[in-house]
Amino acid sequence: MHWTERALQLLKDSLEPVPCELNEIDWKSGLSDKTDRLAQHISAFANHLYGGMLVYGVNDDGTLFSLTKEQIDGIVKKLGNIAYNNLSSHIQIEHSVQCYEGHNLLFVYIPEEAEKPVHLRGKDIYASYYRSGGQTLKMSPKQVQVLIAKSKGISFEESSALDDLTQNQVLDLLDYQALYSLLDRNVPKSTDTIASLLKEMGYCTETNGKWTITNLGAILFARSLKRFPSLSGREVVVRKYEGQNNRQLQFEQHESLGYAAGFEGLIDFIMRNTGKEVIDVSRSIEPIYPNVAIREFVANALIHQDFAIDGSPITIEIFSNRLVITNPGAPLNNIARLIDLPPRSRNEKLAQSMLLLGLCERRGSGVDRAIEAIEKMFLPPVKFQSLEDYTRVSLFPQKTLAEMTKREKIMACYQHACLMFEDNIATNNQSVRERFGLNKNQSAAASRIIADTITEKLIKPADEDSISKKFSTYVPFYA
């Protein structure tokens, strides 16, 4: 795909259904006179996977206007000079004028540079920028270090968490028993055999009798993450509050086990503390949220976090009216497309390991199954948020239709349409009634929800030419 085709698709994705800037594209209503800020944008896109683009002719609210030839020439000249003269590398930008919805827009493409990070000329390497949550931000020293390693072909997972170790020290630091349990294999008696498997899995390396535990090995199977200074702050924090806000903390727990070693225990702990106690013949816990949804969203938070962002652990917050899971790093996919688009991860080796160990669903199916489980329990829709430097997922207990807000009904209808579309089935009034637990006599309520969701441009008629209301079917906006 030529970059101009990608540019038009990205612009469409950023404008529909709700206008919002993406990491790959930045709207511009005019040429800024702040040279340094323009250089920062170019630095960020040059450091971004597959690069990105500035598009001129788009206002902050997403409305469009045409540019004149004089404006286009001035923008191209100024950006070309900045890209060539104001950064640590001479960036070769490209530009193209494209007609979009009747407006002549200028797209300026900044390709990803091989040698990263690209920083501002005349300043040190820490004057480097990146894109997150549709914003251009300055990198932290840790982010610069991680990008340098990636530029040299070394992923975070392959980097050293602790080195200059003996084989016995490796076995003392990593919970290999948990690994064998997850693989459904017996622990061998030979320590050499155990160490060989750890090496094979990429959890450690050995050179001339000296052993190194990789970040992948430590983050998955550390007996205690506190014993790895470079992974400080990567523990999962679970907080439970008394009510609907964070003013009265009931407890806080830090999970120091590696993610794979402690995963099942963590999920069980969350289920126990979100469930409702039922006293019958014996005491039991009735789940408020589906186990599969909690597993998927916690696994996603672990896998897709940005390890280059310091001071932001994964947090799981339990309130009386919601469960909130937050991880550092804005999502790489548009949050409106998390159900249908294949997942993208910053940490591919971590994602592959979690999949191999059976701790998350096969690629691309987990969010679908989580939303399906939410629907089966008639819960409000999952709320996905892409914030400046982190991702947040919120789950809510069961509500009646009357208790749901208009926005919740709309998002539930949209997520339902996405699921149905993935199964190659069109949404209709009956399926929407089933989603909300409504009977045949409540078809008017379902029709109102469908109409509101169409108004928000989240779904559309499957057949634009159909005049039948009774037999109308619907698909997501992107179909």
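The values are calculated or read from the model by the stated rules, or taken from the named source; none is laboratory data. Computed from a prediction, not measured in an experiment: that's the story for all the values here. Cβ sites come from the backbone with ideal geometry, for glycine too, and all protein chains shown count toward neighbours. Accessible surface areas use protein heavy atoms only, side chains included; no ligands, DNA or RNA. Shrake-Rupley method; radii C 1.70, N 1.55, O 1.52, S 1.80 Å.
Numbers below:
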{"quantity": "Listed residue (Asn441, His119, Pro342) projecting farthest to the positive dipole end of the chain, Cβ model", "calculated": "Asn441"}
{"quantity": "Extended-chain gain in nm, criterion 0.36 nm per residue less alpha-carbon gap, Lys210 and Ser312", "calculated": "33.5 nm"}
{"quantity": "Cβ charges +1 (Lys, Arg) and -1 (Asp, Glu), total dipole of the range 313-459, debye", "calculated": "160 debye"}
{"quantity": "Option label - mean projected area of the Cα convex hull in nm² computed here, alternatives [x] 35.4; [y] 51.7; [z] 27.9", "calculated": "[z]"}
{"quantity": "Calculated FRET efficiency for the pair Cys20/Glu464, C-beta based, R₀ 22 Å, to 0.05", "calculated": "0.30"}
{"quantity": "Peptides ranked, highest mean first, by Cβ atoms within 10 Å: ranges 76-82, 353-359, 303-309", "calculated": "303-309, 353-359, 76-82"}
{"quantity": "For the range 78-216, radius of gyration divided by Kirkwood radius, i.e. Rg to Rh on alpha-carbons", "calculated": "1.21"}
{"quantity": "Sum of side-chain charges, Val324 neighbourhood, beta-carbon under 13 Å (Lys, Arg +1; Asp, Glu -1)", "calculated": "+4"}
{"quantity": "Check: the range 289-400 dipole with +1 on Lys, Arg Cβ and -1 on Asp, Glu Cβ, in debye", "calculated": "240 debye"}
{"quantity": "19 Å tail of the calculated P(r), the range 333-479, as % of Cα pairs", "calculated": "55 percent"}
{"quantity": "Computed label-point distance, nm, for sites Lys138 and Lys199 using a 7 Å Cα→Cβ extension", "calculated": "4.5 nm"}
{"quantity": "Beta bridges by DSSP in the chain, antiparallel share as percent, to the nearest 5", "calculated": "90 percent"}
{"quantity": "Estimated FRET transfer efficiency (Ala149, Phe378; beta-carbon r; R0 51 Å; 0.05)", "calculated": "0.65"}
{"quantity": "Shape category assigned to the range 294-375 from the gyration tensor of Cα positions, a/c cut at 1.5", "calculated": "rounded"}
{"quantity": "Distance between modelled label sites at Arg227 and Gln253, nm, 7 Å Cα→Cβ extension", "calculated": "2.2 nm"}
{"quantity": "Cβ-derived FRET efficiency at R0 22 Å, Gln169 paired with Ser190, nearest 0.05", "calculated": "0.80"}
{"quantity": "Contour minus Cα-Cα distance for Ser160 and Ile279 (0.36 nm per residue)", "calculated": "37.8 nm"}
{"quantity": "Cα-based Lys proximity count in the range 17-155, under 25 Å, for pairs eight or more positions apart or on separate chains", "calculated": "29"}
{"quantity": "Tail fraction, Cα-Cα pairs, the range 90-142, threshold 16 Å, whole percent", "calculated": "59 percent"}
{"quantity": "Among Ser472, Ala426, Ile450 - extreme Cα towards positive end, dipole of the range 340-479, charges at beta-carbon", "calculated": "Ile450"}
{"quantity": "Cα centroid separation - the range 88-155 against the range 338-398, whole Å", "calculated": "28 Å"}
{"quantity": "Residue-span extension gain [Ile267 to Asp61] - 0.36 nm each, minus C-alpha spacing", "calculated": "70.1 nm"}
{"quantity": "Check: the chain dipole with +1 on Lys, Arg Cβ and -1 on Asp, Glu Cβ, in debye", "calculated": "600 debye"}
{"quantity": "Ranking by accessible area, most exposed first, for Tyr414, Tyr478 with a 1.4 Å probe", "calculated": "Tyr478, Tyr414"}
{"quantity": "Burial order of peptide ranges 437-444, 54-61, 341-348 (average beta-carbon count within 10 Å, highest first)", "calculated": "54-61, 341-348, 437-444"}
